[in-house]
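The values are calculated or read from the model by the stated rules, or taken from the named source; none is laboratory data. All values reported here derive from a predicted model rather than from experimental measurement. Glycine also receives a Cβ, built like all others from the backbone with ideal geometry; neighbour counts cover every protein chain displayed.
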Amino acid sequence: MKREYDLRKLKVKRRGAVVTRAAKVMKTLRLDAEVLRWLMEKAGEQGIGYQTLLNMILRDAMRRDAAGPAELRAEIQAIVREELRRAS
């Protein structure tokens, strides 16, 4: 180990933006104990956190709502066709 170091040769790197995507918001949310247990169980099965799973579920609901009735109708029709195919 050197007795003294020449810090003039030290290169300083500039950091980019710390937040590269839309920041998440911290908010308190009250859930039924049964709902929280279910979320934690399903999240554990998938190997993800329960908050991540909840966010995925809510984002899916948000997209479905934004898609409107035509998208919902098409999805229901696809489900009915699948069930009819399984039944026959």
Can you give me the ranges of the helices (runs of 4 or more DSSP H) entirely in segment 24-88 with at least 3 residues that are surrounded by fewer than 10 Cβ atoms within 10 Å (Cβ to Cβ) and touching a His at 6+ places or on another chain (Cβ under 9 Å)?
-> none
Kindly establish whether Arg21 is under 24 Å from the mean Cα position of the chain (by Cα) and at pLDDT below 90.
-> yes
Quick one: in segment 33-79, of everything that is modelled with pLDDT of 95 or more and of a type in the set (Asp, Glu), which residue is farthest from the chain's Cα centre (by Cα)?
-> Glu34
